[in-house]
1. Mind telling me which of the residues His238, His246 ends up being in the same structural domain as Gly354 (by TED's automatic domain parsing), at pLDDT 90 or above and not in a loop (DSSP other than H, G, I, E, B)?
2. Being in contact with a helix residue (DSSP H, G or I) (Cβ under 6 Å, 6 or more places away or on another chain) and modelled with pLDDT under 95: is that true of Pro102 here?
3. Can you tell me how many residues in region 381-400 are closer than 16 Å to Gly311 by Cβ and touching a residue at least 12 places away in the same chain (Cβ under 8 Å)?
4. Which residue is surrounded by the most Cβ atoms within 10 Å (Cβ to Cβ), if the candidates are limited to region 412-430 and must be hydrophobic (A, V, I, L, M, F, W, C) and more than 20 Å from the chain's Cα centre (by Cα)?
5. Please indicate, with yes or no, whether at least one residue in region 190-205 is under 16 Å from the mean Cα position of the chain (by Cα) and in a loop (DSSP other than H, G, I, E, B).
6. Of the conditions (1) touching a strand residue (DSSP E or B) at 6+ places or on another chain (Cβ under 8 Å); (2) part of a helix (DSSP H, G or I); (3) crowded, with 19+ Cβ neighbours inside 10 Å, Ala317 satisfies every one except a single condition; which number is it?
7. When you look at Ala397, is it in a helix (DSSP H, G or I) and closer than 22 Å to Arg297 by Cβ, yes or no?
Amino acid sequence: MDRQQEFVLRTIEERDVRFVRLWFTDVVGSLKSVALAPAEVEGAFEEGLGFDGSSIEGLARVFESDMLAQPDPATFQILPWRGETEATSRMFCDILTPDGEPSAADPRNVLKRNLAKAADMGFTCYTHPEIEFYLLKSQHPGPDGSPVPVDEGGYFDHVPGGVAQDFRRTAVTMLESVGISVEFSHHEAGPGQNEIDLRYADALQTADNIMTFRTVIKEVALQQGTYATFMPKPFTAHPGSGMHTHFSLFEGDTNAFYEAGAEFQLSETARQFMAGILKHAPEFTAVTNQFVNSYKRLWGGGEAPSYLSWGHNNRSALVRVPLYKPGKGQSARIEYRGIDSAANPYLAYAVLLGAGLKGIEEGYQLPAAAEDDIWSLSSAERRAMGHDPLPASLHEAIRTMEDSELMPQILGEQVFEHFLRNKRAEWQDYRLQVTPYELQRNLGIL
């Protein structure tokens, strides 16, 4: 038994932990949980916990349903919202096949596999997400059929006595108590919209943190009598919720994206990584923007990027190079702005990393930076400048992903197929719906 496992077992005993939740996600990133009695934890470390994988979306087919959940002791945390008496803890799990091999269908394993590839190329991948969400009075719509936000605040607004302020203070304290470092938090542009930015961490830890973050945010909201949603675009007239993520690759202690004196202080490695992301973005958009509603955000204006472009400090670009701070070479990074808050972080980071590494491997050339506000250009101007559009709907994103050679390599055939099957079913359900918009627009005149 290793030291981390011993630490977990000792802490369970010392803190009188009564329940140990094992967490993992299905193919679309829904959190799954099973509670273990403390006496069973040592056995789970040694042999894993058996469960029926065929009942979890995308994990196993019926005829190969037996799976094992293997807890990762490095992710052990006490859950503060469960209270001090009869404490509850959690660990993330890796999903294994009955013979102890990592399951090809486990989203966490997909990311680990791509991080291992990066490591073989000499890189460690660090990420820093800016997570937006809406705080609503309840999950039920108001009289007009729209959700009801908790306030009418705007970007960076300080709302005296505001619900969101108390909410953010409690949420940040709770996040820190489960080992998630927060960089800053503020009110976003939409009414009731908030943003909390997590500190840089390696990509696997970040993905685990995002899953915990969503749970903490929802728990704190429920405790305060409100409702938090990560839906990409809950309001027609207000901005969607993105999860802009900053990426950098390190070689040992050196930032591989930094080159003193180069344009924007960006190394050739960083430029090739960006070129890989831009070239393959249409193929992975179904992963980073996985719901029908995601495309209402991408094409709904505001700061959501919908064209293939990059720019230096240009917030209409899909990939942004943040302002360089003199003497801060270690902070050189790029920001991908297409991803939304409802993505499965394991798969989203896997496809972004995989596309970027492909750019480095193949020596992709980065096109010219976009200097203009891309939204203000005409379609002809965008075409002439090479700013092709991202998929305009989930259906188009599915079709583009189906034609990709790279996505099955990054995700593995099993996750690739299961993910597409799930998304096709969602599109089919959506396509059959007659919406209030159609009734309002057509019923009285047709």
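The values are calculated or read from the model by the stated rules, or taken from the named source; none is laboratory data. Bear in mind the structure is a predicted one, so any value in this text is a computation, not a measurement. Note: ideal-geometry Cβ built from the backbone for every residue, glycine included; neighbour counts use all protein chains shown.
1. Sole residue among the options that is in the same structural domain as Gly354 (by TED's automatic domain parsing), at pLDDT 90 or above and not in a loop (DSSP other than H, G, I, E, B): His246.
2. yes
3. The total comes to 6.
4. Trp427
5. Within region 190-205 (the criterion being under 16 Å from the mean Cα position of the chain (by Cα) and in a loop (DSSP other than H, G, I, E, B)), the answer is yes, since at least one residue qualifies.
6. Result: Ala317 passes all but (2).
7. Here the answer is yes, as Ala397 does meet what is asked.
Yes/no matrix, rows are residues, columns are (1) over 15 Å from Pro232 (Cα atoms); (2) within 17 Å of the chain's Cα centre (by Cα); (3) assigned to a strand (DSSP E or B); (4) modelled with pLDDT under 85:
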| site | (1), (2), (3), (4) |
| --- | --- |
| Tyr295 | no, yes, no, no |
| Ala304 | no, yes, no, yes |
| Tyr324 | yes, no, no, yes |
| Gly354 | yes, yes, no, no |
| Gly359 | yes, no, no, no |
| Gln365 | yes, no, no, no |
